[in-house]
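Asker: The structure is given below, and queries will be raised subsequently.
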Amino acid sequence: AYRARRKLDPSRPFYPWYYQILRRLCFNFVRDRRRHRQKLQEQQSWLVDGLSGRLPRPDREAVRGELRRKLEEAIDQLPPHEREVFVLKEFEDLRYKDIAQLAGIPMGTVMSRLYSARRRLANQLEEWR
């Protein structure tokens, strides 16, 4: 951001401009290292908690760990553009409008990518049942 500060238009909001720089760096990191699990490990999995709540305690922990691993694998397999929208919506709890502005895409594209990501994840998790 410091190197690109001359490209910043003072009449436009700072955060979307800054986010684009961070977004590109993140995509490069994912592409080069193929490691994007840290964020998911820090978050509680809403899916795992819901699915494993009916089992006895020892079994619940085993199922929770397995489901978490499978969910992380499934999210890692999403195309980067779908993964970005999914993580921003489900883990960062951003609104469609905010995601569209941050990613620099139309809101309809956000909805389409989110739908596609959820569908892929549902299909993947259904295969593991």
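The values are calculated or read from the model by the stated rules, or taken from the named source; none is laboratory data. Here the structure is a predicted model, which is why all the values come from computation and not from measurement. Cβ: placed from backbone, ideal geometry, glycine included. Neighbour counts: every protein chain shown. Only protein heavy atoms, including side chains, enter the accessible area calculation; ligands, DNA and RNA are left aside. Shrake-Rupley method; radii C 1.70, N 1.55, O 1.52, S 1.80 Å.
Asker: Which pairs turn up if I take residues in the range 100-129 that are open to solvent by less than 40 Å² (accessible area, probe 1.4 Å) and look for partners that are assigned to a helix (DSSP H, G or I) and of a type in the set (S, T, Y) with beta carbon separation below 6 Å, at least 6 apart in sequence or on another chain?
Answerer: L102/Y19; V110/Y96
Asker: Among the residues of the range 77-107, which ones are closer than 14 Å to Y15 by Cβ and basic (K, R)?
Answerer: We begin by selecting, within the range 77-107, every residue closer than 14 Å to Y15 by Cβ; these are 88, 92, 94, 97-104.
Of everything in the range 77-107, just one residue is closer than 14 Å to Y15 by Cβ and basic (K, R), namely K97.
Asker: Quick one: is A74 of a type in the set (A, V, I, L, M, F, W, C), open to solvent by 20 Å² or more (accessible area, probe 1.4 Å) and farther than 16 Å from R23 by Cα? First the steps, then the outcome.
Answerer: Working: of a type in the set (A, V, I, L, M, F, W, C): yes; open to solvent by 20 Å² or more (accessible area, probe 1.4 Å): no; farther than 16 Å from R23 by Cα: yes.
So A74 does not fit the description; no.
Asker: Across the range 1-28, what is the number of residues that are farther than 17 Å from E92 by Cβ and either modelled with pLDDT under 80 or open to solvent by less than 80 Å² (accessible area, probe 1.4 Å) (or both)?
Answerer: 11
Asker: Quick one: would you say R35 is of a type in the set (K, R), within 21 Å of Q124 (Cβ to Cβ), open to solvent by 80 Å² or more (accessible area, probe 1.4 Å) and at pLDDT below 85?
Answerer: Answer is yes for this residue.
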